[in-house]
Ligand SMILES: Cc1cc2nc3c(=O)[nH]c(=O)nc-3n(C[C@H](O)[C@H](O)[C@H](O)COP(=O)(O)O)c2cc1C
Ligand SMILES: CCCCCCC(=O)C(=O)O
């Protein structure tokens, strides 16, 4: 069956991926309350279309931190794309470029960061967790700068990886052919070992991530890079204000796709609060639960500058490599253009609260 929408790709992944890989990809933390809330929140939001507007041309393009994108879309940072397809990040980077979307590489990418840059035709950002090993962190930042990455995305909602029941039940661990190749073998040593009641990735994160960093540490990183700094994992007005005060260049409203603190609100439900607190000082991106072009439209209407998409891109990759991942992103862009036309809002600048019920 030819996939017609993101849900078809999700179904295909469910039917074909190995159980432990599917659990890692699709799963969330705890009782997965937040995971479910993310998609449900978009489904709850109603649209208020205007009619008899000239929608002969709908322009989905946006500018983001100096880059032009054909659509307000990016691939969210996700570890280990080679888990679901042998082409891994080389395929998803190509797909993002072909679809006119941003690509955010995970610090746990399973492909060399320079090789990703070599096949990129669109902007690349590099995501970081703050490692205890600061020299290793800086070495990675330097390589990303030299390879042409245009921003650093520091994920701040994961002082350690949360407890995820699906991974504990399946005993999920990385197969030998999948590795975080941008980190040294020393840093990744024993990353496949679980402990009693603690999954391998949770245990490894407790060893390697620095859980003591605070707002005061951001200056240390800023002083050592010329790249813009984006914080991913902001969920409150208070932290949004602190981000702006600490001269961060953009933020991502994210609950890590329901994979970190279970029980936090859906990102669509906190987006307006964060956007109000930022008051136009910097771009606000959002991720979590975006599955249709209408979801993208709703996020933009709530004040997002762009949307990052996670699992759907890996479902597309699992289905048919670069072509599948590109189709997922193109579908979202085309659905967004359709939703803009049917709402009577032919430009992204016209997407504001008046289009929401
Ligand atoms: C398999 C998988 C791996 C992920 N790895 C990372 C990661 O390395 N760094 C990070 O900041 N977020 C990571 N995330 C979270 C995503 O960046 C993003 O916040 C989330 O997937 C968005 O939700 P969605 O999947 O519903 O679109 C991961 C998510 C998934 C599904
Ligand atoms: C120590 C390995 C951690 C990989 C974490 C990737 C991630 O963020 C996820 O949600 O999974």
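Assign one of three labels to segment 198-336, namely rounded, prolate or oblate, based on the Cα gyration tensor with a ≥ b ≥ c the square roots of its eigenvalues; rounded applies when a/c is under 1.5, prolate when it is not and a/b is larger than b/c, and oblate otherwise.
Note, shape of segment 198-336 comes out oblate.
So how many Å³ per residue does the convex hull of the Cα atoms of segment 56-214 work out to?
So the per-residue Cα hull volume is 140 Å³.
For a Förster distance of 30 Å, can you work out the FRET efficiency between the beta-carbons of residue 226 and residue 132, rounded to the nearest 0.05?
Computed FRET efficiency for residue 226 and residue 132: 0.80.
Segment 125-141 to segment 332-353: how many Å between their Cα centroids?
With segment 125-141 and segment 332-353 each reduced to a Cα centre, they are spaced 38 Å.
Give me 34, 39, 267 sorted ascending by neighbouring Cβ count inside 10 Å, so fewest comes first.
Going from sparsest to densest Cβ surroundings: 39, 34, 267.
Expressed as an acute angle from 0 to 90° and rounded to the nearest 10, what is the orientation of the C-alpha long axis of helix 267-278 relative to the principal long axis of the chain?
80
Which one, 23, 56, 321, has the greatest fluctuation when you compute a Gaussian network model over the chain with C-alpha springs under 10 angstrom?
Top of the fluctuation ranking is 56.
Is segment 150-193 best put as rounded, prolate or oblate by its Cα gyration tensor, with a ≥ b ≥ c the root eigenvalues, rounded for a/c under 1.5, and otherwise prolate when a/b is larger than b/c, oblate when not?
Cα axes put segment 150-193 in the oblate bin.
Once the convex hull of the alpha carbons of the chain is built, what does its volume come to per residue, in cubic angstrom?
124
Give, in nm to one decimal, the length gained when the segment between residue 186 and residue 320 is fully stretched (0.36 nm per residue of separation minus the Cα-Cα distance).
Gain on extension, residue 186 to residue 320, equals 44.9 nm.
Can you work out the base-10 log of I(q)/I(0) for segment 269-354 at q = 0.10 1/Å, using the Debye formula on its C-alpha atoms alone?
Results for segment 269-354 at q = 0.10 Å⁻¹ read -0.27.
So how do 253, 62 line up by other beta-carbon neighbours within 10 Å, fewest first?
The most exposed by this proxy come first: 62, 253.
To the nearest 0.05, how large is the calculated FRET efficiency for residue 210 and residue 43 if R₀ is 56 Å and r is the Cβ-Cβ distance?
Computed FRET efficiency for residue 210 and residue 43: 0.90.
Between residue 112 and residue 4, with labels modelled 7 Å along Cα→Cβ, what's the label distance in nm to one decimal, could you check?
4.4
Mind running the shape call on segment 256-309? Use the C-alpha gyration tensor, a ≥ b ≥ c as the square roots of the eigenvalues: rounded below 1.5 for a/c, prolate if a/b tops b/c, oblate otherwise.
oblate
Among 45, 234, rank each residue by its count of other Cβ atoms within 10 Å, from fewest to most, as a rough exposure measure.
45, 234
Which value at 222 nm does the chain reach when only helices count, each DSSP H run of 4 or more adding -39,500 (n - 2.57), with the total divided by all residues and rounded to the nearest 500 deg cm²/dmol?
-12500 deg cm²/dmol
Output the antiparallel fraction of DSSP beta bridges having both residues in the chain, as a percent to the nearest 5.
20
Please find the FRET efficiency linking residue 63 to residue 11, where r is the Cβ-Cβ separation and R0 is fixed at 45 Å, and quote it to the nearest 0.05.
For residue 63 and residue 11, the calculated efficiency is 0.80.
Give the residues of segment 298-334 whose amide nitrogen is closer than 20 Å to a point set 7 Å from the Cα of residue 119 in the direction of its Cβ.
309-331
Every number in this text was worked out from the coordinates using simple rules, so none of it is lab data. As the structure is a computational prediction, the values presented were derived from the model and not from experiment. Neighbour counts are summed over all protein chains in view; Cβ atoms, including those assigned to glycine, are modelled from backbone coordinates with ideal geometry.
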